[in-house]
Every structure is written in C-alpha cells, then in structure tokens.
1. How far is helix 133-145 tilted off the main Cα axis of the chain, in degrees rounded to 10, range 0 to 90?
2. For segment 199-290, what is Rg from Cα atoms divided by 2.2 N^0.38 Å, rounded to two decimals?
3. Measure off 7 Å from each Cα along the Cα-to-Cβ vector at residue 310 and residue 214, then give the distance between these two points in nanometres to one decimal.
4. Determine one quarter of the surface area of the Cα convex hull of segment 21-165, which equals its mean projected area, and express it in nm² to one decimal.
5. Given the Cα-Cα distance of residue 250 and residue 25 and 0.36 nm per residue of separation, how much length would full extension add, in nm?
6. How large is the helix-only mean residue ellipticity at 222 nm for the chain, computed as the sum of -39500 (n - 2.57) over DSSP H runs with n ≥ 4, divided by its residue count, in deg cm²/dmol to the nearest 500?
7. Round to the nearest 10 and give me the degree value, 0 to 90, for the angle of helix 311-323's Cα axis relative to the longest principal axis of the chain.
8. Name the most mobile residue of 219, 134, 322, meaning the one with the largest mean-square fluctuation, in a Gaussian network model of the chain with Cα contacts below 10 Å.
Ligand code: SF4
C-alpha cells in the first residue's frame, strides 16, 4: 500500500515538491496552506477551490495528520493549556498566554530532553523522541483553532510563538526549521519574525548554523554568571562554555542587520545563583553583549533541588542589572489554576513505568517576548 505523505508541517518548498511529484502545479501550495492554516480546514473534501479530481488524488496520496487533543483547560486569566497525544503514545503540552493584544503560544520540540539542566524536571526524564515538523506545527494549529477562524473572530489569536517548551530545539534542528518556515509563511500563520523566538540552552555550533536557515528572535538560557556555576546548573556548558556561546550569539546577530539583541533567560534559584555578587558578575559578563534580561523566579516542582527566592531577593537582583543599564524584566506566573504555570506542565511518555512524580512538572520557560 502506498504510504501517504503528511502535508501538515511541510514548508512551502516541501509542498511545492510534493505537488510536483503528483503532477500538479506549484500554485496548489498556496491554496492548500491557506485552507489548512488560515481557514483551519483539514478535510480535503471541504477544499472547494480544488478540483474534485485533485481532492481524490490528495485523499489517496496525502494526509493532514496531527496529534489527538486528549485534554484542554482554560484558565480564568485567559491562559489555555492543550495536552496532545502523539502517535507514539507520548504526550506533550502547549500553552497559550494572552496579554493585552498579544497572544503567546509556548510549544515543545522534543519529548523529554537529553540536556539535564538541574532546575528542569523535563531534563530528569531523559530524552525520548524528537517531534516531527507536523507535531510542532500541530500545536499552533490546535491552539489557533480553539479560538475559531481568524476571519470570523476578527483577529489573529496567536501573535507570538516561543519554542521554549520541552526539549532543546537546536537538537531537533531540521523539523524545527521546517516548522518555523510554516509559522512565518504568509500563506500560513504569517507570524512576524520579531515575534517568533527560539530558546536555546547554548548549542554554539547550531546557533551559528541557525542563521543560514531562519531569522528569528534568539533567547539564551544563561543561568549563572560564571562557567563554574553554569557547569553545575546547565551541564551542556562543559561542552559549550559561556564565552563560546556568547560569541556564537554575536555571530548570529551579525548576520541580520535588524536583529539587535538576544534575550537572556536567567532562572533565579534561591541561594544558588541569585546573590548580590552573582548580579554584579552578570553585569560584568554581559557589559558588551547586546541583550535584554528576563529573570525567571524558579517555580518549584516535586523533589526539586532548588527553592524560589523571595520577592525582596528578586527585586535586589533586578535592581543591580537595571542600575547597570540593562533592560530587565521579571517573568510573571500565569495559568496557575490549570497547572499551566512555569514548571507545572505535564508531559507524559508512553512507558508508564517512567511516570514518576519527578517529571510530572516539565519546566516550560514561558517568557514575555518583547524584542
Ligand atoms: S531547560 Fe530546556 S534544555 Fe535544559 S533540560 Fe530542560 S528542556 Fe532540556
């Protein structure tokens, strides 16, 4: 039996190649993308500007397959959480966070993660699988669809996308790039490249390579002001130390004249990396680095080895950075009533024996994208 090609998550180039392979012209790509992403139609029969013959051909050669939504919850503060089950039985979550005119969707790129950052329960799970481009894009489709067709509701609910959920996007490079192309495409979600942020823990060579493929906002997880402490909190730092990663980020920025800075994400861990001296070291480290700093007070999860600092400590840390001239924000917690706040999301793998409390609270680094 002929294997069907899943057209969901295929970029314009991928779809052009598909249509060519079935003897169709490239303009079909635009038609299909608009049906799927702008009108939220995934039934070939309902795509009425395609000929009946083409619709029949598509039904035998292609599919528009996406994960099943097994659970969704809407918070009183407008946050929406979606739990998606993949073909493998693994589950990932996406969270939509509204703020004024802005609707930010935080999405996952892997099930589990190999990098084992010490403050992150996803890291404790270990790595299970990469998401496909279709599985990444599906998170956007499902969240957008929960609001209805933009044409009917009069606005685009998802205005910002952050690849900051479970997993390290730069270690699932190809599918992430393909999915980003779909998100940016005018025939699909038409997300502004200023409003699409890829967050990395610092895979230096991949940061450089990224610039060959897409121009998106870059967020860097930097949770300590020196290599010694960063090695401890983010073990990948032993392979790619801070200066090497900052140099890679500088190189990335230099490739795009309009891109002026990187977002530094700094999780504040009580008594570990939130001392006065750390703030001053951070100022010194970043004095010539074009960035804004987003402080993320740690959200504890079961058996977490760290605590969240109190408000006073957070403020003091922020003041040191702000006084040194850094644009500094402190991330606010959203969606607590539906367990959608940072550190409260649940990704599940199919193997029930792995369902320990330890990884029940996948750390999601929701940020306020404000570049
Ligand atoms: S913080 Fe990100 S990169 Fe680090 S273990 Fe968690 S998911 Fe992986």
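Just so you know, all these numbers are worked out from the coordinates, no wet-lab data involved. Not measured: the values here are computed from a predicted model. Positions of Cβ are backbone-derived with ideal geometry, glycine not excepted, and every protein chain shown enters the neighbour counts.
1. Helix 133-145 sits at roughly 90 degrees to that axis.
2. Its radius of gyration relative to the 2.2 N^0.38 Å reference: 1.07.
3. Simple spin-label model gives 4.2 nm for this pair.
4. 10.8 nm²
5. 76.9 nm
6. So the helix-based figure for the chain works out to -8500 deg cm²/dmol.
7. The angle comes out near 90 degrees.
8. Greatest mean-square fluctuation among the candidates belongs to 322.
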